[in-house]
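Structure first, commentary second.
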Ligand code: IPE
Ligand code: IPE
Ligand code: MG
């Protein structure tokens, strides 16, 4: 483990890592357990990635915890997930404070059960002065929801004559998204072998490096993160240019 970690070039760390935590259900099924058993065991992996990211010096970590589409799952699973969120946040706030990590949430929080929303808002409030790393939970989030919302905000400004349509820029959009205060992710990791975005950070991932790994989320460890970062560091991010321009 030290071995992989020691190969990471700290000067070239991704500033922001975004993760689609996928494969809890399949992990449980492999063990002949109900799907929610997988969700419960996914919490350990959240601890692993949060701790490892903070230790390395990553500044922003966004975790996709619940998509707007996930409401379509059986209600037992949805309810269990919502309760698990309350319990986990309540339990982990102390550790977040000890490790100087600030909690944020993106997504339509108004649709969450009130207990879940309260646990979340309490966690956000009690960690708001922490400065080492920002941990952003995407909850009842979807990229299209966010882009639509931003569009409505911008349209309202145009209607109020606070903004001219021809003055709308990428920066105008970025400022209207729920991720306005965070830089775009440099690295996006999805576990479980699926190679799709599932409505995650559609605007923000335009130039991120993607790492799709076969590991199911509950099995994700610090070493998996180190491997993803090492692969990321071997890529050349050209942003439309050619190699020779990058030196
Ligand atoms: C990811 O695991 C967790 C959430 C979407 C909440 P899944 O529950 O999607 O697990 P699989 O993909 O069915 O294995
Ligand atoms: C994406 O995973 C959402 C989260 C990880 C929270 P899903 O498992 O819901 O995605 P699909 O439905 O397989 O694309
Ligand atoms: Mg899934």
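Every number here is computed from the coordinates shown, using simple stated rules; none is lab data. Because the structure is a prediction, the values reported are computed rather than measured. For neighbour counting, all protein chains shown are included, and Cβ atoms are generated from backbone atoms with ideal geometry for every residue, glycine included.
Sorted ascending by nearby beta carbons within 10 Å, beginning with the fewest, 205, 103 become 205, 103. Remark: region 134-234 is approximated by an ellipsoid whose semi-axes, taken from the C-alpha gyration tensor as √(5λ), come to 33, 14, 11 Å, largest first. Take the Cα pairs of region 1-126, get the Kirkwood Rh, then feed it into Stokes-Einstein at 4 °C and 1.567 mPa s and tell me D in µm²/s. So the translational diffusion coefficient is about 81 µm²/s. A compact globular protein would have a Cα radius of gyration near 2.2 N^0.38 Å; the ratio found for the chain is 1.05. One decimal place: the segment residue 98-residue 197 gains 32.3 nm when fully extended, by the rule 0.36 nm per residue minus the C-alpha distance. Seen through its C-alpha gyration tensor, with square-root eigenvalues sorted a ≥ b ≥ c, region 19-81 comes out oblate because a/c lies at 1.5 or above while a/b is not bigger than b/c. With neighbour counts taken as other beta-carbon atoms within 10 Å, the residues 196, 47 rank, fewest first, as 196, 47. In the elastic network of the chain, a GNM with C-alpha springs shorter than 10 Å, the most mobile of 69, 170, 209 is 170. Each part reduced to its alpha carbon centroid, region 59-95 and region 106-159 end up 13 Å apart.
Here region 96-115 is scanned for amide nitrogen atoms under 12 Å from the site 7 Å beyond the Cα of residue 149 along Cα-to-Cβ, giving 105-112.
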